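Reading through the structure tokens given below for one structure.
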Amino acid sequence: MSTAGFNSQNGTGTGQTYSNGPSQNPVVPQQLPGVGYSMTHQPTYHPMQAKAPPPPSHPGLYPSGPYQPVTPVCSYQPGPPLTSYPAASGQSMLTRPLMGGSPSHTPPQSASPGPRLPHAQTTPPPPAVSSSSYYTNPQQPQPMAPAWQYNTAPPSMGPPTNISTPPRGPVASHVHPAASLAGPPPSTAYSPAPPPPLVSHSVAQPPGPGMPRTPQHGYIQPGPAPPPMTPMGPHTYQPNRGPYGPPPTGPPPTMKPAPPPIGPPIANATPPPPKADAQCGGAANSTLPPAEHDCQEGDIECPGIVSGNGPPAPNSYNHVDNQMGVQPQPGPPGRHLGHYPSLPPGYQTTSAPPNASSPMHPAIQAATQPYTQAPQPYQQPLGGPGPAQLSPSLAAMSLQSSTPETLRVVNLLQERNLLPPIPIPAPTPCLQQDLQRINCNPEVFRSTLTSIPQTQSLLNKAKMPLGLLLHPFKDLSQLPVVTSSTIVRCRSCRTYINPFVSFLDQRRWKCNLCFRVNDVPEEFMYNPVSRSYGEPHKRPEVQNATIEFIAPSEYMLRPPQPAVYLFILDVSHNAVETGYLTVFCHSLLDNINALPGDSRTKVGFITFDSTIHFYNLQEGLSQPQMLIVSDIEDIFLPTPDSLLVNLNECKELVQDLLKSLPTLFEKTMETQSALGSALQAAYKLLLPTGGRMSIFQTQLPNLGVGALQSREDPNQRAAAKDVQHLSPATDFYKKLALDCSGQQVAVDLFLLSSQYCDLASLCCISRYSAGSVYYYPSYHYQHNPAQVECFQKDLKRYLTRKIGFEAVMRIRCTKGLSIHTFHGNFFVRSTDLLSLPNVNPDAGFAVQMSIEENLDDMQVVSFQAALLYTSSKGERRIRVHTLCLPVVNSLSDIFAGADVQAITGLLACMAVDRSATASLSDARDAMTNAAIDSLSSYRQSVLSIQQPGLLAPACLRLFPLFILALLKQKAFRTGTSTRLDDRLFAMCQLKYQPLVYAMLMIHPALYRVDDLTDEGALNISERTVPQPRVLQLSVEKLSREAAFLMDAGTVMYLWIGRNCHLNFLTQVLGVPSYAAVPDNLYLLPELDTAESQRTRAFIGWLREQRPFFPSLHVIRDESQLKPTFMQNMIEDRTESALSYYEFLLHIQQQISK
């Protein structure tokens, strides 16, 4: 597989761990292992063929003839991974090989068979560089091609230098092992000169000696130099290349179940000691200064009162947004577990102790649904075990004798209409019915594989990525909220009690992640819903997979911060010309009373051009007072105490300022932009409290610190090869973002521009501070009214949506599984703790996982995400989501549980990182190989009868289509003119958007809307919403006699055929003929006709399904936007990309080699 492993953590695209400080300037050349730092020449490069399809350049399907070697874009050297634990001696480790060129002594390798790389040997401690192929047989050399090693924790690739040597090249936001093992954190520095001092924004680290470096954990043992690496070749297709690569030979590894423990049940066994760097009571927290307010790790993991101790206190239970008086109805009892720790978590069927109440589980809908279940009588099944006691695969067989629909064999080359007529639902895990009904809502917590393989080798054989996609702060219509002085958690791993734990009796429960037996606190015996005592299994915490706790004082390191909002506004000539300032001021005036907060809410304003303008809004002034600071090199606050003011006390002055701002700068001729200095001033202003910084920028910053220069060559926008400048030009914005993150400040960026703004550099300020990026290209209040409407709607949502301050999130999983890579906007404070200065309901996250220990003795595994935040009302809250999935031991069961949309979403995140760390062509190759690998594995390992054609299981029938859609998506497409900022914003969205919204950006939905009817319509709030069929994205589905709506997530296109029915034109668009349709129509007239009401109801309903506002463009054949509309016809061939059928032929050709 590829020599490029996926190890990016924060959406950095660097693939390198970040040590809270040492950040190398990206322009400094990166070094290779085994090569001295003084080396100045470029290592030799040996090209190899890749499997990705080429852009068609002539009438033939594929070009023939010689290829030209492509020089690697960067010499990539990842840093150590995110852990500081030594590996077991003699254990085989996987390390991530180099991206880019190879050392000069690397012998050239044959282009055939397909490129794969051999593993390191397992007996002696391996060298630092090893295989990243899917295969695990160390004696079987395998060829290598650009693809991902999905599920192995990212290993080290640094040179064997001492532990204090900083990583080279771009850095991801991680905690470097040096930061964890060295002494106290040094001061901040971001210099490209080695070695830079470290930056620390989090907990003080324990003193002590560093641990020996091992390959698994980022340290290199003394020994020989790493073996030479094979470089990745260009993605030019060659019809005469060798076979794709033989499968591994030899019998599969034997899997032995863990023997049961000898002796009596270990009810009170001493658990393994908690990890010092992640749990309370360890050395990592022993030196924590009590006043360090940004150490939220202690908040979520180290409360002062351990569950079960302390006096009983009154508790309450309520529902946010929907006060429900309906009591959850009891369901069947749970399964008890026998011996600890050899048996899996779950609910046993053995009888309870004589004096204990029978554990019960309510059957409820997903987390967002109300309690609607009727009481379910339960009887113990007779005549042997039921489905819950069997393995999931046997359970499925006992429930349905035929092959499940998800494994129905589909020949993709013969079945044209594979796209379902309705949106694709998330697959349902093969769990016992009672467990599944209380499982987490897939819109909140979703896995790429709904059946978890027993072993890593089985996962490698399936060749599909294992990961989770989260939407943790999603707006929920039903959210159970619990107020209690004791939050029950596992004493060992700190997991929150959840529906998938098991009660051994009334007084003991077993953790479903580490299997420790814990005591039930006295207070937990009382159920606030039924107001009964002695039934802890009926508590809301054990009935809801999503629940929110109002945290006691033990979860606070300082009093909860107030809601603080600081607005930084570009007022240069270019900004005033766009007219955005008027829209912003009017929107804030309209929504100022709806800003989330309480009586402590503070606001402030800074404007900037070539100077920085502050506004004194102190109570008692008759009007706002402007204070100008022209020394942008050494910025200071003129009056620190009166620039951030209490909104309730100074609301009139704030309103006066907003009314005067649009006219205050209307005559300005300042064309320069000192954005960097304005950000430094804003940081100083928010330093004492934390809060939210909102930046409105309209041009490239060109003055003072953080100044940027244009890096885009318009003539290269349609280059068929790699795209340059996808990485930041300076580390100023990343450094400032990390400083902000350490002080609980998040930065949101609104970019309104018609020119290049270097979004690759600017977006770092939001990425590492857990902020958001909004981009409005070609924004102008007169020339682009659709963008103005979009900006207005987005701004209203932004100002009024729920917000959480000083948040942290930790994701836990059952023992044996591990999380190694994160995607989204955040900063990784420790190995698994995400720092989120602000959290909003529109942010999504993704993680990649691996299987470290065999799960032989488990039937189910669980994952839990805990988000600790301060609400805008000043309450400390913890939102907990728990997901339960079955464990399977066969490839067919793994494929049957594949979630094609989640896989596509995770691959998109991985490809964004690969584009920045390696190259865009490498990312495209890896995505193509992902489809080839999975379908090849299915054909070789699952199908019992080999048939001609391109065969896929029904659950993966859309996988090649979605991969092709990614290749044609704005973020990854080539051969089509794409502005660099547009491409970077598309990448930001793929990393940041929750899956349900990202999928529309990847594969838009097409509907015919000129013949909408009420058949099958939804009735929502007394509105009738039509439900037309989803059509394939092909021109053959269009008709000149009809009208079609394309929903591409952030934008909608209403395409009008030249011969469209006059009825639609008059009744919906209000025009007498096709020629009368305006060129820039973006609003549908509100006509009193049934056709108009249906069309507007359908478009309005689609818009209500997402938090952002998609603009609508009505286009004709002559419209300028028609090419954009046609580019979304994914199944059709273009000059630079294959059609869907051609892409299937290419995949079949690679599989059959």
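The values are calculated or read from the model by the stated rules, or taken from the named source; none is laboratory data. Note that the structure is a prediction, hence the values are computed from the model and not measured. Every residue, glycine as well, gets a Cβ built from its backbone with ideal geometry; the counts of neighbours run over all protein chains shown. For the accessible areas, the whole protein counts, side chains as well, though only heavy atoms, and no ligand, DNA or RNA atoms are used. Shrake-Rupley method; radii C 1.70, N 1.55, O 1.52, S 1.80 Å.
Miscellaneous remarks
- Gain upon complete extension [E1086, D982; 0.36 nm per residue less C-alpha separation]: 34.2 nm
- Accessible surface calculations at 1.4 Å, restricted to protein heavy atoms, place region 864-906 at 15 Å² per residue.
- The Kirkwood hydrodynamic radius of region 555-706, based on inverse pair distances between different Cα atoms, is 15.8 Å.
- Charge tally for H471 (other residues, Cβ to Cβ under 10 Å; Lys, Arg +1; Asp, Glu -1): -1.
- Stretchable slack from I1020 to L418, in nm (0.36 nm times residue separation minus alpha-carbon distance): 213.8 nm
- Per-selection Rg to Rh, region 1028-1084 - Cα, Kirkwood hydrodynamic radius: 0.96
- Relative compactness, region 1064-1135, computed as alpha-carbon Rg over 2.2 N^0.38 Å: 1.27
- Rolling a 1.4 angstrom probe over the protein heavy atoms with all chains in place gives region 937-1066 an accessible area of 35 Å² per residue.
- Two-site FRET efficiency, D519 against S599, from Cβ-Cβ distance with R₀ of 45 Å, rounded to 0.05: 0.65
- Over all Cα atoms in region 450-542, the spread is summed up by Rg and Dmax: 17.0, 51 Å.
- Largest first, the residues M556, M669 sort by 1.4 Å accessible area into M669, M556.
- Its convex hull of Cα atoms gives region 932-1055 a direction-averaged projected area, equal to a quarter of the hull surface, of 11.8 nm².
- Of the whole protein surface, H471 contributes about 10 Å² of accessible area at a 1.4 Å probe radius.
- Extension gain, S610 back to L627 (0.36 nm per residue minus Cα-Cα distance, nm): 4.7 nm
- Accessible surface, region 433-544, averaged per residue in Å² (probe 1.4 Å): 23
- Neighbourhood charge, 12 Å Cβ-Cβ cut-off, centred on D842 and excluding it, Lys, Arg +1 and Asp, Glu -1: +2
- Modelled this way, with points 7 Å down the Cα-to-C-beta line, the labels at Q1120 and H573 are 2.3 nm from one another.
- Rounded to the nearest whole Hz, the Karplus-based 3J(HN,Hα) values (6.51 cos²θ - 1.76 cosθ + 1.60, θ = phi - 60°) of region 912-926 follow the sequence 4, 5, 5, 4, 7, 7, 10, 6, 5, 5, 5, 5, 5, 4, 5, with x at glycine and proline.
- Ranking by accessible area, most exposed first, for I1115, I628 with a 1.4 Å probe: I628, I1115
- Calculated P(r) tail over 26 Å for region 644-789, as whole % of Cα pairs: 35
- R446 contributes about 30 Å² of solvent-accessible surface, heavy atoms of the protein only, 1.4 Å probe.
- For H537, the accessible area of its heavy atoms, probed at 1.4 Å with every protein chain present, is near 10 square angstrom.
- Shape metrics for region 651-727, restricted to C-alpha atoms - Rg then Dmax, Å: 18.0, 56
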